[in-house]
Amino acid sequence: MNNSYARSQKVLHWLLAVLILFWLFVSGELVSSLEGAEQGNILMVHSGGAIIILLLMIARFRLRLKNPVAPLSNLKPWEQKWGSIMHKCFYLLALLMVLSGILQGMVFDQDVRVFGLVNITVGHNEGLLQVFHEVHEIVSLLFKLFIAIHILAALKHQFLDKQPFLKRMS
């Protein structure tokens, strides 16, 4: 087991951090605030980018399995356990975000073309659209909450506990 993350893991971590924050706080808000053709254009980019994020998360997960990194030895057992749970939740939330978004696009009231190419809409169904939209919104809120906890925990470990957390990921 390694004591530090591989360069590829670090690059993927920060790339995904930027992309996920953008998709949660900018792209998703744009989709919600627009209507008609403008919304369709943003959905094309939003859905395509979400699939890219999912593929990058899968690559990161595979790297994590291939190159496991030992937790810092001075972490309390409960901190190690919750750190592991949090990371697994990030992968699960990314999967749920993309799946609920795809399902939403399948029953949307206008064509949703991923990357502008593949139309995933099979037919409008307002009832299903509302269910998938609610799931997408709840997962988005959970993702934001977990990101906040992740950042606060990293800062706590770095500055209060004086552990080299940020150095391991930079």
**Prompt:** Given the Cα-Cα distance of LEU56 and HIS150 and 0.36 nm per residue of separation, how much length would full extension add, in nm?
**Reply:** 31.9 nm
**Request:** Evaluate the distance, in nm, between pseudo-label points positioned 7 Å from the Cα of ALA70 and of GLN130 along their respective Cα→Cβ axes.
**Result:** 5.5
**Prompt:** For the charge dipole of segment 65-170, defined by +1 on Lys and Arg C-beta atoms and -1 on Asp and Glu C-beta atoms about the Cα centroid, which residue among PRO77, LEU93, GLN110 has the Cα displaced farthest towards the positive pole?
**Reply:** PRO77
**Request:** Compute the relative contact order of the chain as a whole-number percentage, counting only Cα pairs closer than 8 Å that sit 6 or more residues apart in sequence.
**Result:** 25
**Asked** For ASP109 and LEU166, FRET efficiency with R0 = 41 Å and r from the beta-carbon atoms, rounded to 0.05?
**Response** 0.35
**Asked** Hey, rough spin-label estimate for LEU63 and LEU141, points 7 angstrom out along Cα→Cβ, what's it come to in nanometres?
**Response** 3.3
**Message:** Show me the three semi-axes of the equivalent ellipsoid for the chain, from the C-alpha gyration tensor (sqrt of 5 times each eigenvalue), largest first, rounded to whole Å.
**Reply:** 35, 16, 14
**Complete:** With x for Gly and Pro, the residue-by-residue ³J(HN,Hα) of segment 101-114, computed from phi through the Karplus equation 6.51 cos²θ - 1.76 cosθ + 1.60 at θ = phi - 60° and given in whole Hz, is x, 5, 4, 4, x, 5, 10, 5, 7, 9, 4, 10, 10, 5
**Asked** Are there GluC sites (Glu not before Pro) in segment 1-96 that DSSP marks as loop and that have at most 13 other Cβ atoms within 10 Å, and which are they?
**Response** GLU35
**Prompt:** Full extension from MET1 to TYR91: what is 0.36 nm times the residue separation minus their Cα-Cα distance, to one decimal in nm?
**Reply:** 30.3 nm
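Every number here is computed from the coordinates shown, using simple stated rules; none is lab data. This structure is a prediction, so every number in the text was calculated from the model and none was measured. As a convention, Cβ positions derive from the backbone with ideal geometry for all residues, glycine included, and neighbour counts pool all protein chains shown.
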